[in-house]
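Everything below concerns the one structure shown next.
The values are calculated or read from the model by the stated rules, or taken from the named source; none is laboratory data. The structure presented is a predicted model; accordingly, all values stated were derived computationally and were not measured. Virtual Cβ from ideal backbone geometry, glycine too; neighbours counted across all protein chains shown. These accessible areas exclude ligands, DNA and RNA; they are computed on the full protein's heavy atoms, side chains included. Shrake-Rupley method; radii C 1.70, N 1.55, O 1.52, S 1.80 Å.
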Amino acid sequence: STHAELTVKAFEAGKHVFCEKPMANSPAECQRMIDAAKAAGRKLMIAYRAHWEPHNLRAKAMLDAGELGQVWFATSDHHRPLDPALPRDQWRMKRSVAGGGSLVDIGIYSLNGLQWFFGESPNAVAASMQAPPDDPRFAEVE
């Protein structure tokens, strides 16, 4: 919830910005950050470590070298439990702070990973989630 404000301040101070994901809570806030980067002549990068992890780099190199043959189908699964009792998880359940729930926080790993590995957008995407109606974890976010 503070990314846009702090990013703009950093650009005003002449700094480059390496910002954690999700980038911001709305497209308007994201655009504000992009505009501030352009106005300051500075770089804005959203932290996405997965592209630099050794096992992912090796898998991508194997794919690019044709070692895996022709790929006709790919799927990805990424999830993590959300425990309201843990302080590290409590912000994830508040829309005003997190901007959303599982999709913007965790779901993007699967989509972004497949796009990065194959260098193209998928033809189709399907997703599923479980959010019991009486579960406090999902009172504000998906």
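Report every pair of residues separated by at least 6 positions or lying on different chains whose Cβ atoms are under 6 Å apart, first residue within the stretch 1-21 and farther than 21 Å from Gly99 by Cα, second of a type in the set (D, E, K, R) and open to solvent by 70 Å² or more (accessible area, probe 1.4 Å).
Final answer for the pair search is Phe11/Arg42; His16/Arg42; His16/Lys43.
Given the criterion part of a helix (DSSP H, G or I), open to solvent by 80 Å² or more (accessible area, probe 1.4 Å) and touching a helix residue (DSSP H, G or I) at 6+ places or on another chain (Cβ under 6 Å), identify the matching residue among Arg42, Arg32, Arg58. Please lay out each step first, then the result.
Numbers: Arg42 fails: part of a helix (DSSP H, G or I); Arg58 fails: touching a helix residue (DSSP H, G or I) at 6+ places or on another chain (Cβ under 6 Å).
Arg32 is the lone residue from the list that is part of a helix (DSSP H, G or I), open to solvent by 80 Å² or more (accessible area, probe 1.4 Å) and touching a helix residue (DSSP H, G or I) at 6+ places or on another chain (Cβ under 6 Å).
Of the numbered conditions (1) over 21 Å from Pro22 (Cα atoms); (2) of a type in the set (A, V, I, L, M); (3) touching a residue at least 24 places away in the same chain (Cβ under 8 Å), Met62 fails exactly one; give the number of that condition.
Unmet condition: (3).
Just checking, does the stretch 82-91 include any residue being over 19 Å from the mean Cα position of the chain (by Cα) and over 25 Å from His3 (Cβ atoms)? Please lay out each step first, then the result.
Let us first name the residues in the stretch 82-91 that are over 19 Å from the mean Cα position of the chain (by Cα), namely 83-87.
Now restrict to residues that are over 25 Å from His3 (Cβ atoms): 85.
Among the residues of the stretch 82-91, at least one is over 19 Å from the mean Cα position of the chain (by Cα) and over 25 Å from His3 (Cβ atoms), which makes the answer yes.
Here's a check for you: in the stretch 107-132, which residue that is of a type in the set (A, V, I, L, M) and not in a helix (DSSP H, G or I) is farthest from Tyr48 (Cα to Cα)? Spell out how you get there, then give the answer.
Here is the first cut: in the stretch 107-132, the ones of a type in the set (A, V, I, L, M) are 108, 111, 114, 124-127, 129, 131.
Still in the running and not in a helix (DSSP H, G or I): 124-127, 129, 131.
Working: Ala124: 23, Val125: 21, Ala126: 22, Ala127: 21, Met129: 23, Ala131: 27 Å.
Ranking the candidates gives Ala131 first.
The rows are residues; the columns are (1) of a type outside the set (Val, Ile, Thr); (2) at positive phi.
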{"site": "Lys38", "(1), (2)": "yes, no"}
{"site": "Arg58", "(1), (2)": "yes, no"}
{"site": "Gly69", "(1), (2)": "yes, yes"}
{"site": "Leu82", "(1), (2)": "yes, no"}
{"site": "Val97", "(1), (2)": "no, no"}
{"site": "Val104", "(1), (2)": "no, no"}
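State the number of residues belonging to the stretch 72-106 that are surrounded by 11 or more Cβ atoms within 10 Å (Cβ to Cβ) and over 21 Å from Ala50 (Cβ atoms).
Final tally of qualifying residues: 8.
Between residues in the stretch 77-94 that are under 27 Å from Ala126 (Cβ atoms) and part of a loop (DSSP other than H, G, I, E, B) and residues that are among the aromatic types (Phe, Trp, Tyr) and open to solvent by less than 100 Å² (accessible area, probe 1.4 Å), which pairs lie under 6 Å by C-beta distance while being six or more apart or on different chains?
Qualifying pairs under 6 Å: His78/Tyr109.
Check whether at least one residue in the stretch 27-38 is out of contact with any strand residue (DSSP E or B) (no Cβ under 6 Å at 6 or more places or on another chain) and among the basic types (Lys, Arg), and report yes or no.
Yes, that holds for at least one residue.
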